[in-house]
Amino acid sequence: MELDDILKNAGGKTDELIATELLVSSKATVRAYAVALTETVNPEIRDMLKRQMSQALNQHARITDYMVAHDMLHPFDLEKQVKKDKKKLKRTRKILAKSAQPKSRNFRMHRRRIEV
């Protein structure tokens, strides 16, 4: 499935989709810096990694704050977050079901091949 298809099927939730991707990416960045930091003994490199990890943590906090402020994430209300996650799951399943259906033109071609 192409990005354009995903965004078209996002149902007006493209900001949330992008913010979620940013949040996931920033979390992965923090993890990568943490791993690199634990495996580095050079003091200058450790200082550099600490600064970069601090910046990554700040970015993660800003993205989280944005998502909370725009009702995209509910870290303090578990019931509300679970309800939102279930809606996302339903929407994702619907998008995947649409993408799994053959296009009408391709379907006819496929049907002809079977009949032959």
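The values are calculated or read from the model by the stated rules, or taken from the named source; none is laboratory data. Quick caveat: nothing in here was measured; it's all calculated off a predicted structure. Here the Cβ positions follow ideal geometry from the backbone for every residue, glycine too, while neighbour counts run over all protein chains shown.
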(message) I need every pair where a residue in the stretch 81-97 that is charged (D, E, K, R) has its Cβ under 9 Å from the Cβ of a residue that is in a helix (DSSP H, G or I) and modelled with pLDDT of 85 or more, sequence separation at least 6 or different chains.
(response) K88/E16; K88/T20
(request) Go over the candidates K94, K80, K27 one by one and state the one that is at pLDDT below 95 and not hydrophobic (A, V, I, L, M, F, W, C). (result) K94
(message) Name the residue that is surrounded by the most Cβ atoms within 10 Å (Cβ to Cβ), counting only residues in the stretch 40-93 that are β-branched (V, I, T) and assigned to a helix (DSSP H, G or I).
(response) I63
(request) Please determine, by comparing only the residues of the stretch 1-24 that are part of a helix (DSSP H, G or I) and surrounded by 14 or more Cβ atoms within 10 Å (Cβ to Cβ), which one is modelled with the lowest pLDDT. (result) I6
